[in-house]
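Working notes, structure below.
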Amino acid sequence: MKTWAVTRFTLKETIRTKTMIIGLVFSLLYLAVVPMLSTSGGGTAVVGDIDQTAAGRDFLGFAMGGLNFIGMAMAIFTTLGAVYTEVERGTILSLVTKPLHRWQIIVGKWLGHVLLMSGYVLVMGFALWLSVAVGSGVFIWRFFPAIALVCLNIITMVSLTLAFSTFLPVIANAIFVFLIFIFTSNLRIINAIGETSDNIFLVIVANFLRLVLPVSEVSDLASVALAGTTPGSQEIVASEAAIFGPRAWSFAYEMAYIALMVFFATLVFRKKDLSQSA
Amino acid sequence: MQAAIDIQGLTKVYGFAKDEVKAVDSLELKIDTGEVFGFLGPNGAGKTTTVQMLMQIIFPSSGTASILGKPLGNVEVRSRIGFLPELFQFHSFLKADEFLDFHASLYGMRAAERRVKVGEVLEQVGLSENSNSRIGTFSKGMLQRIGIGQAIINEPDLLFLDEPTSALDPIGRRDVRDLILRLRDKGTTIFLNSHMLSEVEMTCGRIGILNKGKLIRISDLDALVKPAHCVDVVADDLTQETREKIHALASRVEEDNGRLAVTLEREDQIRELARLIMDSGANLLEFTPRQVPLEDVFMQTIEENA
């Protein structure tokens, strides 16, 4: 109940932040603009002999990629100061002196951010799905497991950023998290260099470093989930997998990664001096 | 009687090696249940650090303490504690009643109980009319009041107040003083950190003076500010010889603009002093025995331990 009180408070607090409001405005714009950005022209613009389902899936795949990125960026920006700013401002004192374990504060905050961002992704995802369903009459049910994986990515970013916010100031946290994100998103290039130059060491390193932040791999997994089992899509997935595709256990690993980040955050926060002068 | 607070060798060290600073040094202190204890000291003495260690905001470098019979860090015991930090910061987007409701929920109170309690506390701290106002719009004094509100919302057995009147006007100070006295009458133990010596004098039964992290004096207030055989003397035509005799009799003489503040060892010396001046042929204009105010005791103690 006390943890839930922190969660409710975090929801209330975060939803009022400028970052959240800007993010929501941007998201509405994205919903309006994404059909124009999509190469297939969106679910409503499918013409001729192009298979309606394939076109709708292409559009959702494209839109999901954007949503994945926007969602992760929003997750990072809204969670950056979750703990550090509270310590800096001194507002944390009113929490830690109450009959709460410190882990309850971390878990309460984490849950607040997770619920908010998951809610955001699910609503946005549903809006995209609905636009295809209404526009072209195609119901692509595979989109939902895919969007669930996007949700998992967002939760991962929340967890990572929250863990770093227990000891890093906002700017440092932002730089650190984005660097990790950009670096791990481009490991495909290192892998490709290793493949073309027959450098097995680079290939191993690239594959190993994917463990630092598993969101790119799970994004690929979401694409696979959306592509489904049609012959054409299987071909694409198979060729992708052969190069740098998602590993079968990446989903389970991301779950463990989230748990590890939350555990790490509670561990750092458990014995942290919280005085502003300390 | 079980001590409400029992501190044993509590120490907080900041920095390393050459830069090491002992903010609190081997503090030993016991505060009885139902006591109102004033914790005094100049800025940087370690008062707030002590309270922060007791509230587990920061962790001691060494030493232990128990609060209400439980060791430091016991979470359950915090449901019986209230705390107003010195630099209390607020989530300014909340309304006053939302703020108190949130804090009540952290004590595990149910919604119906919270509704009643929030109304009562707003009344107690004089903010009933502002229950719907956002905290961000509050004045310093109102913030202090709402801070006190969250500290007492759980009807604590032990209340830590760190500078509770620093931002208040005289009316607010009187309200807080009355609140402390009411809580004391109900048996609440109060640990009061304050620079307002007059407040301490009016509310506390016992005081401790901390300087440079060390507890240098602890005493019942009555023993400190009792008539200390100090006499204000104004007299014309005091000869040098008489002055020397006064100095010989007194333990301390301070002269300010013709007025002598004479501190004596014993009560019977007051009469002796009067006779000495009268016999010298001086014209005695004023002879006023007085109490030593807490401020003088405080200053003297700090100077002696500088």
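The values are calculated or read from the model by the stated rules, or taken from the named source; none is laboratory data. Keep in mind it's a predicted model, so treat the numbers as computed, not measured. With ideal geometry, Cβ positions are generated from the backbone for all residues, glycine too; neighbour counts draw on all protein chains shown. When the accessible area is computed, the model is the full protein with side chains, heavy atoms only, and any ligands, DNA or RNA have been set aside. Shrake-Rupley method; radii C 1.70, N 1.55, O 1.52, S 1.80 Å.
When its C-alpha radius of gyration is set against 2.2 N^0.38 Å (N residues), the range B:8-54 gives a value of 1.29. For the range A:254-270, 3J(HN,Hα) computed residue by residue from phi via the Karplus equation (6.51, -1.76, 1.60; θ = phi - 60°) reads 5, 4, 5, 4, 4, 4, 5, 5, 5, 5, 4, 4, 5, 5, 5, 6, 4 Hz, glycine and proline entered as x. The sum of -39500 (n - 2.57) across all DSSP H runs of n ≥ 4, divided by the residue count of chain A, sets its helix-only mean residue ellipticity at 222 nm to -25500 deg cm²/dmol. Of the trypsin sites (Lys or Arg not before Pro) found in the range B:176-228, those that fall in a DSSP loop while having at most 13 other beta-carbon atoms within 10 Å are B:Lys186. What angle do you read, to the nearest 10 degrees and between 0 and 90, between the alpha-carbon axis of helix A:187-196 and the longest principal axis of chain A? That works out to roughly 50 degrees.
Secondary structure note: in the protein assembly as shown, about 70% of the DSSP beta bridges are antiparallel.
In order along the range B:52-60, the Karplus-derived 3J(HN,Hα) couplings, from 6.51 cos²θ - 1.76 cosθ + 1.60 at θ = phi - 60°, round to 5, 5, 5, 8, 6, 6, 10, 10, x Hz, and Gly and Pro are given as x.
Restricting to Cα pairs below 8 Å that are 6+ residues apart, what does the relative contact order work out to for chain A? Please round to a whole percent.
Relative contact order comes out at 24 percent.
Shielding of peptide B:56-62 by partners, expressed as the average count of other chain Cβ atoms within 10 Å per residue Cβ, is 4.
For the range B:201-306, GluC sites (Glu not before Pro) meeting the loop criterion (DSSP other than H, G, I, E, B) and having at most 14 other Cβ atoms within 10 Å: B:Glu265, B:Glu267. Taking all protein chains as they are arranged and a probe of 1.4 Å, the heavy atoms of B:Arg290 leave approximately 70 Å² accessible to solvent. If you count Lys pairs in chain A whose Cα atoms are under 24 Å apart, skipping same-chain pairs closer than 8 places in sequence, the total is 13. Between the amide H of B:Ser194 and those of B:Phe39, B:Glu163, distances stay under 5 Å, these residues lying 5 or more places away or on another chain, with hydrogens modeled in the peptide plane. Taking amide H as placed 1.01 Å from N in the peptide plane, B:Ser251 has its amide H under 5 Å from the amide H of B:Thr263, B:Leu264, B:Glu265, each at least 5 places away in sequence or on another chain. Entry note: chain B has Rg to Rh equal to 1.09, where both radii use alpha-carbon atoms and Rh is the Kirkwood radius.
Would you calculate the volume per residue, in Å³, of the smallest convex hull containing every Cα atom of the range A:2-270?
Hull volume normalised by residue count: 133 Å³.
Highest GNM mean-square fluctuation among A:Pro169, A:Pro246, A:Pro99, for chain A modelled with Cα contacts below 10 Å: A:Pro99.
Residues in the range B:167-173 carry Karplus couplings, in order, of 9, 9, 7, x, 5, x, 5 Hz; the curve used is 6.51 cos²θ - 1.76 cosθ + 1.60 with θ = phi - 60°, and Gly or Pro positions show x. Any chance you could check the Cα centroid distance between the range B:1-48 and the range B:262-306 for me, in angstrom? Spelled out, the Cα-based centre of one part sits 34 Å from the other.
Of the GluC sites (Glu not before Pro) found in the range B:1-70, the ones in coil according to DSSP and having at most 10 other Cβ atoms within 10 Å of their Cβ are B:Glu20. Once backbone amide H atoms are built at 1.01 Å from N, B:Leu210 has B:Leu40, B:Gly41, B:Ile216 as its partners under 5 Å, excluding neighbours fewer than 5 places away on the same chain. Take B:Met109: with every protein chain present and a 1.4 Å probe, its accessible area is about 20 Å².
Give the angle, between 0 and 90 degrees and rounded to the nearest 10, that separates the Cα long axis of helix A:2-15 from the longest principal axis of the Cα atoms of chain A. Relative to chain A, helix A:2-15 is tipped by roughly 60 degrees.
Size estimate for the protein assembly as shown follows the Kirkwood approach: the inverse of mean 1/r over distinct Cα pairs works out to 28.7 Å.
Relative to the longest principal axis of the Cα atoms of chain A, the long axis of helix A:200-209 lies at roughly 50 degrees.
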